[in-house]
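Worksheet for the structure shown next.
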Amino acid sequence: MHLDMAQRGTTLAALERLVAAAQPLVAGDFPLARLEAPKPTPLPVSLARLAAVFSPDDLAAIQHAGLVTGKPLTASISLCGRIVATVEFIFDADLGLDFPPEILVVCPGDSNFHCSLADLAPVLDQWTAATAPEVLVALVKRIRDLLRAHHHDLVLRFPNDKLAYDLSTCATLGDLDVGIFPGGSGSGGTGASTPAMGGGVSGLETTSIVLALPIAVEHEDGPDAVADRSVTLQVLVDHTFTSTPGGLEFVLTDVNVSHWLPAAWVSRQDAFKFPTYAREGALYDYLLDVTAAVREGIGSTFSGFSQRRQFIARLAATLAENVVELDTTNYASATFVLDAPRASPSTLVLVTVHLPDRFPADPPSLTLRAPLYMASPASPDLQPSASSADLALLGPLGMIPEWTVKWKSWAFSSRWSLDDLLARTRGWLLDEADLFVGRLQAT
């Protein structure tokens, strides 16, 4: 990934291209940082009005001055779900991206963190205009690694035996992050006083210590929307400690646990039944229980996917002459055109079968439409059948009547064979089509 730097000099457009090229390298389900392009100082009047008065060179100088005095390119670095530092990259106005920037690291509420030029020199030495995006990201990651080590050192010195035990045992499960934030959970790490580097923490009323632990579970089969063959989530355990007067002793007063799922799984979060964390228990054992819950949730979701795929294929084969559309991505729906068998006169009905994620444990639903039937403005609302859960109203004149029903009497048994399931479902489709048409003709 390289930038086209045909024009020399640092311009707003060049820095915006730099941010656009670098941001994907730090993004993801759990972003390391967020990059922001520089923001020039606002001009008192529009550029169009200035262009009518100043020459192009003068106008460029004005824009350049606004960029120099405005907000520089920044990176907000995250640790344990919170922003722990803001890094400003200040480029020389004349040398542009051909020369590495000056770097200013700001850590709100923590004056003990120091990042020297020697820490960054090996990365800065690789800077060129062509490699600017990669080196910029490498600088962000290097600073974040230094921040991780700084917070880890502070947490290791924190006077709490259980926390030390949890740290040592959970480190065997993966590459965990730890963060210490003055002021407790609500401060976001911007408390008035800071952890003491010399040993422990002093002068604080509350201190929040967060452990971010990744859990990865492999899987084989699933919807196309979940293309990655492994699921990695973050478990954040936020401890709130309250200090005694003088900060000589810290008492654990609260523990909050949250589970961060990757984007592809957020819509399926109900499949995961996470256990409750007892703060007196071992965190290591709790994480094993979370891993088991993730495996169970994945198994439940993918088992449903596999059964939906098999069911849709067999249903489509059974009603081969009636198929209109099949969902061959997630196998969540299929649409058929049916001739209501007991209706007189005959009426064509479009029936869409919707299968939930946990099918067949959870019941399917139907959407029925009569595309050749026009509703009367005076028609009363359709009433759902005994098996219906939802009601769709007849629309005004010219609208296609539509009805949504759910199989309320569904009582799935694991003893049902696929043939049983297909026979029951086919009969239900035809019955609901007849009921739908009957209500249409009664209006």
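The values are calculated or read from the model by the stated rules, or taken from the named source; none is laboratory data. Predicted, not measured: the structure shown is a model, and the values here were computed from it. FYI the Cβ positions are ideal-geometry reconstructions off the backbone, even for glycines, and counts take in every protein chain you see. In case anyone asks, the SASA skips ligands and DNA or RNA and just uses the protein heavy atoms, side chains included. Shrake-Rupley method; radii C 1.70, N 1.55, O 1.52, S 1.80 Å.
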Checklist entry - What is the residue count in segment 246-295 for residues that are outside any helix (DSSP H, G or I), out of contact with any strand residue (DSSP E or B) (no Cβ under 6 Å at 6 or more places or on another chain) and open to solvent by 60 Å² or more (accessible area, probe 1.4 Å)? => result 6
Item to check | Hey, Asp29 open to solvent by less than 30 Å² (accessible area, probe 1.4 Å), in contact with a helix residue (DSSP H, G or I) (Cβ under 9 Å, 6 or more places away or on another chain), modelled with pLDDT under 90 and assigned to a loop (DSSP other than H, G, I, E, B) or not | outcome: no
Item to check | Unique residue being open to solvent by 60 Å² or more (accessible area, probe 1.4 Å) and of a type in the set (D, E, K, R) when the list is Asp145, Asp119 | outcome: Asp145
Item to check | Complete set of residues in segment 407-443 that are under 18 Å from Thr318 (Cβ atoms), in contact (Cβ under 8 Å) with a residue 12 or more places away in the chain and of a type in the set (A, V, I, L, M) | outcome: Leu418, Leu421, Leu422, Leu429, Leu430, Ala433
Checklist entry - Is segment 1-24 home to any residue that is within 33 Å of the chain's Cα centre (by Cα), closer than 22 Å to Ile77 by Cβ and at pLDDT below 65? => result yes
Next on the checklist: What's the number of the only condition in (1) in a helix (DSSP H, G or I); (2) open to solvent by less than 40 Å² (accessible area, probe 1.4 Å); (3) in contact with a strand residue (DSSP E or B) (Cβ under 6 Å, 6 or more places away or on another chain) that Val137 fails to meet?
Outcome noted: (3)
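Yes/no per residue for (1) modelled with pLDDT under 70; (2) among the acidic types (Asp, Glu); (3) within 29 Å of Ala264 (Cα to Cα); (4) surrounded by 17 or more Cβ atoms within 10 Å (Cβ to Cβ):
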{"position": "Glu325", "(1), (2), (3), (4)": "no, yes, yes, no"}
{"position": "Thr329", "(1), (2), (3), (4)": "no, no, yes, no"}
{"position": "Asp339", "(1), (2), (3), (4)": "no, yes, no, no"}
{"position": "Arg342", "(1), (2), (3), (4)": "yes, no, no, no"}
{"position": "Phe359", "(1), (2), (3), (4)": "no, no, yes, yes"}
{"position": "Leu368", "(1), (2), (3), (4)": "no, no, no, yes"}
{"position": "Ser376", "(1), (2), (3), (4)": "yes, no, no, no"}
{"position": "Asp381", "(1), (2), (3), (4)": "yes, yes, no, no"}
{"position": "Leu394", "(1), (2), (3), (4)": "yes, no, no, yes"}
Checklist entry - Taking segment 303-318 as the region of interest, how many residues are in contact (Cβ under 8 Å) with a residue 60 or more places away in the chain and surrounded by 18 or more Cβ atoms within 10 Å (Cβ to Cβ)? => result 3
Checklist entry - Out of (1) over 30 Å from Val237 (Cα atoms); (2) free of Cβ contacts under 8 Å to residues at least 60 places away in the same chain; (3) open to solvent by less than 70 Å² (accessible area, probe 1.4 Å), what's the single condition that is false for Lys71? => result (3)
Item to check | Residue under evaluation Val351, criteria (1) assigned to a loop (DSSP other than H, G, I, E, B); (2) more than 27 Å from the chain's Cα centre (by Cα); (3) surrounded by 14 or more Cβ atoms within 10 Å (Cβ to Cβ), criterion not met | outcome: (1)
Checklist outcome for this item: With the first residue restricted to segment 12-39 and required to be within 14 Å of Ile90 (Cα to Cα), and the second required to be of a type in the set (Val, Ile, Thr) and in a helix (DSSP H, G or I), Cβ contacts under 6 Å at 6 or more apart or on different chains are Leu35/Val19; Ala37/Val19
